[in-house]
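Worksheet: the structure to be examined is printed underneath.
The values are calculated or read from the model by the stated rules, or taken from the named source; none is laboratory data. All figures in this text were calculated on a predicted structure; none of them were measured in a lab. Heads up, the Cβs are rebuilt from the backbone with ideal geometry, glycines too, and the neighbour counts pull from every protein chain shown. Heavy atoms of the whole protein, side chains included, go into the accessibility calculation; ligands, DNA and RNA do not. Shrake-Rupley method; radii C 1.70, N 1.55, O 1.52, S 1.80 Å.
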Amino acid sequence: MGRFWSIIFLSIPVLGTAIFVWAAMGWYPLEGHWFPELVVADDSVDHLFYTILWLTGIVFIVTGLCLFWFLWKYDHQKNEEPAQYSHGNHYLEVLWSVVPAIILLFLAIYQMDAWAGARMRRPMLENGQPKPPLARVTGRQFEWLIQYPGDDKKLDTADDIYLINELHVPRDEEVVLEITAKDVLHSFFLPNFREKQDVVPGMKQFVWFKPIKDGKYDIVCAELCGWGHYKMKGQITVESKNDFDAWLKKAYADQELSQYKLAEAE
Amino acid sequence: MQISQALAFGGPYRAGGLVLAVMIGAILGCSSEPAKFEPNRIAMYKAELSLGTKLDPTYQVQPIEKILTETFGTPDKPDLSLWDPKKLVPDLAEERADIQTEYDEIKAELDKALKDPDLDPEDRADIEADLADVKKDLDAVDKQIAAVEGLVQLDMLQMAAGPYGSAEDGTPRGLYRQHCVHCHGITGNGAGPTAAFLNPYPRDFRLGKFKWKSTTTGAPPTHDDLKRVITNGVPGTAMPSFKLLPAEEIEALTQYVTYLSLRGELERNLILDFSDIDVAVLKPAGMQSEEEKEYVESLSADELKEEQTGLKEELAELSDPEIFLPDYLAPIVTKWAFADKNVTDVPEKPEVVLDESIVHGRDLFFKKGGCATCHGQSALGDGQTAEMFYDDWTEEYYDPKNPEHLEEFLALGALPPRKLQPRNLRLGNFRGGRRPVDVYWRIRNGIEGAKMPAAQQLTEEEIWHVVDFVRKGLPYDSLSQPPEHVQENVRVRN
Amino acid sequence: MKHATIGMLFLLFVGFTVDQAAAQWGTVTGQFVVKGNVVLLKPLVVTKDNAFCGNQLNDPLLTVGPKNELQDVALWLYLDRGDKAPTPHPMYAALAKKQVDVVNRGCLYEPQVALAVTGQNVKFSNQDPIAHNFKVEGFANGGLNNLVPAAGNFVHAFNDEERYPMNAGCTIHPWMKSFIVVRESPYMAVTDNLGNFKIENLPVGKHKLQIWHGKSGVIKEVTLGGKTLKDRKGVIEINVQPGQNNLGVITVDAAKL
């Protein structure tokens, strides 16, 4: 019966890897379990993820197989010799402390650029000033309030455009968004843009990205904010600059609708 | 191997059996009853209080339930089989039939005339003109009937009703339960599980009153009004925007809200009428009030029998679709179907210099418009200090001058009353919509269900000035004004 | 031939008189008095516009005369389901075209109970130097809520019969309250400051009247001609004879108010 249990232990690296590969390939029934499509120019997050995935994946498989191997080889029913207790192997212990440390150090340095790109290297204008935000996104239970500055390019003036859950950004240019929250903690999460940042009431933060593919993508909330957290979804649309300008104009006109007549019957 | 400290637990198989039992129980789950519409207990109790007696379950409460189920169906299965225009609006159907006959007659006349070789072109023109006139009438009546029929459609209601899921052809089911029920309740009574935690409370559809609409006070909202609220949400409240739903689903939800509202209004009318009937002679002795007992005892056996039969007939008559459809449901449905007649048209905003308009508006706000009386000298909503401001949905069960029965209503499911504050206009938030037309409608029509009156003494131009003042002329105070957070991400490395 | 003509004329004449006699009308009068100790209501507290309205106002909901005569009792013709309304006397056709006045004066409504037939114009006027708004809540009729500035007015007709009087209030001055009765049949009345009411020209025969007061709602028990009449909906039956029908003093128990 003993070796049976070691087979069970083998299933962990085998099944684990199999499910992972299955999901990554998107085969039935595990479609939609891998990354959503990347639509921004900066793929450093994905790249980092895969690097770490390979590293840790190999370690996982190797350790899993080793565990199985030792359970199999030294199974009680197949081994006559009594166990030998040793005081450890100093060389081995140094090895398996230093190697992971080096790997971690490597990863820490390797990711600094990705972090800086996402949080520190704010897009600048030619004159050295930071690029002003395209819109302000405010998280509120349970919706995303979007505010565009309008023609005067200043937020909180009379010509601002207010929308709910509907964010449009132009393609092929650096988009900066000012994000904040109104009441409790939320998290501004754009899965397709690899962008996620907790928003805190009273705190103004900036996120930036450069979309390169048209389409409609999700904005979701990634910080539990109350009973409606699960449905706090918005929609971000990437479109060409011309389409974006046209849409913004139309949104302003809709907001300023100052005439209403019931359509006459034919 | 035996772990000495472990408790002996009846052998190795008992534990496994227990685990198995728990797993099976968890997988199978408990059975749940299908969802049911709740009766409007608040309206019933109110009727009982004003009459001084209880409503009889067999002869008053159950018939109401029966009529409602026949006319509207259940939360899982909406049923519009009784919604035949011939039964619902027989006058209109008759009118249509008459006009159709007239049309056919004139058409036959025209056909005959066209075959006549000596036809005078003037005569022909006359007949054709007549035909065109009658056709116009026919179209008008058809339009009215179409408005009644199109108010709620079964396929749309089926998408919204029922448990969450989808039908075989992929159309969604249970949209209302997916999106709306936890606040608005299965009956649309605004008292769902999360309602008590919200400020303001979710809307109770059963009164047929809605705040954010384009029609005058006293008229139901148009289909577009409801759709707009569902699409845009109500900013500043817990009502979210459903703009991201497919258009068909929004339509289904709009019709389901209409359906629930019609049902609620019918229920209230029926409660009024059924409670009006004196069923003292049919009630079991335990339910009779003092007055009723006296009355019943004062009757002779014959009189008693006679009244009982008479009453049963009367009640049966009330439950007959031929009676209750045109008498009770038709007035409600026609009001909703023809709500477009009550839409307030908004004239085009005149070209003005914004600053001048704001100055005018400020003057009107404080003087002729009378707005500062409630909205306050600083438009902070602090003008009204009376303790008696409650919205119509609260005043259904709570009279601030006589709050004796509040506990009983709360026990029946009413939400604790909350004072209604005039709006603080300096937050830059307009619940009914921030477009100029929306603010115009609020000022011109007032807000139904709330205390804001219609400023019908202001001309259209004056209203536009007030709109400008309110939208653009007030200082803006954000709800939370924290100290400015200095941006750190600007630091350039190296 | 001559006899026949005279005979015909004679018959016509008789028929004519009989016909006139058949259409007979009666006027019902009476006086409502409260029996027992009337507990007067506390004065209304003025919370807004105190400069004009003062700090307190007498509550007009319950007004009794020096001998406990009850003012503002409303009576109207009551019909059971299926009963047809009697054809009203021709005088009411002209009366329906007149306007009913509901006035805000001195931060109170006047009259306390207004009567209107369906379709009759009701003129709501503000005779105070401050703004009032008229918020009328109907059941069959849609409600209305109109802001009327000082010296302003507006006219509205209610087209559906209301089972019970509609509440009319003011949201700016929440203590202001009055009632508007809207019935299809013009046979209704309100008692004056001496408790007297008069319903003119009812068709002769049996009729039901529903009695209502703003404080108690329908008055469920009255004493009329020595007999105590109790009805859950405040309905009493009267037999109208041609000419004057004086119901005399109708007593209402103070406790029932």
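Can you find, within the stretch B:50-74, the residue that is farthest from the other protein chains (Cβ to nearest Cβ) among those that are over 25 Å from the mean Cα position of the chain (by Cα) and surrounded by 15 or more Cβ atoms within 10 Å (Cβ to Cβ)? If we take residues in the stretch B:50-74 being over 25 Å from the mean Cα position of the chain (by Cα) and surrounded by 15 or more Cβ atoms within 10 Å (Cβ to Cβ), then B:Tyr59 is farthest from the other protein chains (Cβ to nearest Cβ).
When C:Arg163 is tested against (1) more than 10 Å from chain B (Cβ to nearest Cβ); (2) under 14 Å from the mean Cα position of the chain (by Cα); (3) open to solvent by 30 Å² or more (accessible area, probe 1.4 Å), just one condition goes unmet, and that condition is (1).
Kindly indicate whether C:Asn145 is within 10 Å of chain B (Cβ to nearest Cβ), surrounded by 15 or more Cβ atoms within 10 Å (Cβ to Cβ), in contact with a Ser or Thr (Cβ under 6 Å, 6 or more places away or on another chain) and in a strand (DSSP E or B). Answer is yes for this residue. Could we say that A:Leu105 is open to solvent by 20 Å² or more (accessible area, probe 1.4 Å), of a type outside the set (Ser, Thr, Tyr) and either in contact with an Asp or Glu (Cβ under 9 Å, 6 or more places away or on another chain) or at pLDDT below 90 (or both) here? Answer is no for this residue. So, in the stretch B:287-300, of the ones that are open to solvent by less than 80 Å² (accessible area, probe 1.4 Å) and more than 10 Å from every other protein chain (Cβ to nearest Cβ), which residue ends up farthest from C:Lys233 (Cα to Cα)? Ranking the qualifying residues of the stretch B:287-300, first place goes to B:Ser300.
Between C:Phe154, C:Phe124, the distinction of being assigned to a strand (DSSP E or B), facing chain B (nearest Cβ under 9 Å) and either closer than 22 Å to B:Lys367 by Cβ or open to solvent by 40 Å² or more (accessible area, probe 1.4 Å) (or both) belongs to C:Phe154 only. In the stretch B:187-202, the count of residues that are touching an Asp or Glu at 6+ places or on another chain (Cβ under 6 Å), in a helix (DSSP H, G or I), hydrophobic (A, V, I, L, M, F, W, C) and surrounded by 13 or more Cβ atoms within 10 Å (Cβ to Cβ) is zero. Of all residues in the stretch A:229-246, those being within 14 Å of chain B (Cβ to nearest Cβ) and aromatic (Phe, Trp, Tyr) number 1. Of the strands (runs of 3 or more DSSP E) lying entirely inside the stretch C:185-250, the ones with 3 or more residues being open to solvent by less than 20 Å² (accessible area, probe 1.4 Å) are found at C:196-203, C:205-213, C:235-240. When the stretch B:204-224 is limited to residues that are in contact (Cβ under 8 Å) with a residue 40 or more places away in the chain and charged (D, E, K, R), the one that is nearest to the other protein chains (Cβ to nearest Cβ) turns out to be B:Lys209.
This table checks each residue for (1) part of a helix (DSSP H, G or I); (2) free of Cβ contacts under 8 Å to residues at least 24 places away in the same chain; (3) closer than 21 Å to B:Glu313 by Cα.
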{"site": "B:Leu55", "(1), (2), (3)": "no, no, yes"}
{"site": "B:Tyr59", "(1), (2), (3)": "yes, no, yes"}
{"site": "B:Glu65", "(1), (2), (3)": "yes, no, yes"}
{"site": "B:Glu70", "(1), (2), (3)": "yes, no, yes"}
{"site": "B:Glu95", "(1), (2), (3)": "yes, no, no"}
{"site": "B:Thr101", "(1), (2), (3)": "yes, yes, no"}
{"site": "B:Lys107", "(1), (2), (3)": "yes, no, no"}
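Which pairs turn up if I take residues in the stretch A:66-92 that are farther than 12 Å from A:Arg3 by Cβ and look for partners that are open to solvent by 90 Å² or more (accessible area, probe 1.4 Å) and aliphatic (A, V, I, L, M) with beta carbon separation below 9 Å, at least 6 apart in sequence or on another chain? Once the first residue is farther than 12 Å from A:Arg3 by Cβ and sits in the stretch A:66-92, its partners that are open to solvent by 90 Å² or more (accessible area, probe 1.4 Å) and aliphatic (A, V, I, L, M) give A:Leu67/A:Ile12. Take the residues of the stretch C:168-182 that are farther than 17 Å from B:Ile447 by Cα and under 21 Å from the mean Cα position of the chain (by Cα): which is nearest to the other protein chains (Cβ to nearest Cβ)? My answer is C:Lys177.
Answer yes or no as to whether A:Leu224 is modelled with pLDDT of 95 or more and assigned to a loop (DSSP other than H, G, I, E, B). Criteria met by A:Leu224. Within the stretch B:71-87, is there a residue that is in contact with a strand residue (DSSP E or B) (Cβ under 7 Å, 6 or more places away or on another chain), within 30 Å of B:Thr254 (Cβ to Cβ) and either modelled with pLDDT under 90 or hydrophobic (A, V, I, L, M, F, W, C) (or both)? Yes: one or more hits. Of the residues that make up the stretch B:232-252, is at least one buried (at least 24 other Cβ atoms within 10 Å of the Cβ), at pLDDT 95 or above and either under 20 Å from B:Glu149 (Cβ atoms) or touching a Phe, Trp or Tyr at 6+ places or on another chain (Cβ under 6 Å) (or both)? For the stretch B:232-252, residues buried (at least 24 other Cβ atoms within 10 Å of the Cβ), at pLDDT 95 or above and either under 20 Å from B:Glu149 (Cβ atoms) or touching a Phe, Trp or Tyr at 6+ places or on another chain (Cβ under 6 Å) (or both): present. Keeping to the stretch B:107-126, report how many residues are open to solvent by less than 80 Å² (accessible area, probe 1.4 Å) and either more than 29 Å from B:Val141 (Cα to Cα) or touching a Lys or Arg at 6+ places or on another chain (Cβ under 9 Å) (or both). The qualifying residues number 5. Here A:Trp69 clears all of (1) assigned to a loop (DSSP other than H, G, I, E, B); (2) open to solvent by 70 Å² or more (accessible area, probe 1.4 Å) except the condition numbered (1).
Okay, residues lined up against (1) within 12 Å of chain B (Cβ to nearest Cβ); (2) over 15 Å from A:Val207 (Cβ atoms); (3) open to solvent by 40 Å² or more (accessible area, probe 1.4 Å):
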position	(1), (2), (3)
A:Trp115	yes, no, yes
A:Gly128	yes, yes, yes
A:Pro132	yes, no, yes
A:Val137	no, no, no
A:Asp160	yes, yes, no
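Inspect the stretch B:231-250 for any residue being within 14 Å of chain A (Cβ to nearest Cβ), aliphatic (A, V, I, L, M) and in contact with a Pro (Cβ under 8 Å, 6 or more places away or on another chain) and give the result as yes or no. There is at least one residue in the stretch B:231-250 that is within 14 Å of chain A (Cβ to nearest Cβ), aliphatic (A, V, I, L, M) and in contact with a Pro (Cβ under 8 Å, 6 or more places away or on another chain). Once the stretch A:206-228 is narrowed to residues that are more than 30 Å from B:Thr194 (Cβ to Cβ) and surrounded by 16 or more Cβ atoms within 10 Å (Cβ to Cβ), the residue that is farthest from the other protein chains (Cβ to nearest Cβ) is A:Pro211.
Does at least one position in the stretch A:248-261 carry a residue that is closer than 28 Å to A:Phe35 by Cα, open to solvent by 40 Å² or more (accessible area, probe 1.4 Å) and not β-branched (Val, Ile, Thr)? No, there is no match, as no residue in the stretch A:248-261 is closer than 28 Å to A:Phe35 by Cα, open to solvent by 40 Å² or more (accessible area, probe 1.4 Å) and not β-branched (Val, Ile, Thr). Counting only helices (runs of 4 or more DSSP H) that sit wholly inside the stretch B:374-465, not one has at least 2 residues that are within 11 Å of chain C (Cβ to nearest Cβ), open to solvent by less than 20 Å² (accessible area, probe 1.4 Å) and not hydrophobic (A, V, I, L, M, F, W, C).
To keep it simple, each residue is scored yes or no on (1) at pLDDT 90 or above; (2) in contact with a helix residue (DSSP H, G or I) (Cβ under 7 Å, 6 or more places away or on another chain).
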{"residue": "B:Phe324", "(1), (2)": "no, yes"}
{"residue": "B:Ile332", "(1), (2)": "yes, yes"}
{"residue": "B:Lys341", "(1), (2)": "no, no"}
{"residue": "B:Thr344", "(1), (2)": "no, yes"}
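In the stretch A:180-198, the residues that are part of a strand (DSSP E or B) reach residues that are among the basic types (Lys, Arg) and open to solvent by less than 50 Å² (accessible area, probe 1.4 Å) with C-beta atoms within less than 9 angstrom, at least six apart or across chains, in these pairs: A:Thr180/A:Arg136; A:Ala181/A:Arg140; A:His186/A:Arg140; A:Gln197/A:Arg119. Being more than 10 Å from every other protein chain (Cβ to nearest Cβ), more than 30 Å from B:Lys209 (Cβ to Cβ) and without any contact (Cβ under 8 Å) to a residue 24 or more places away in the chain is a description that applies to B:Val353.
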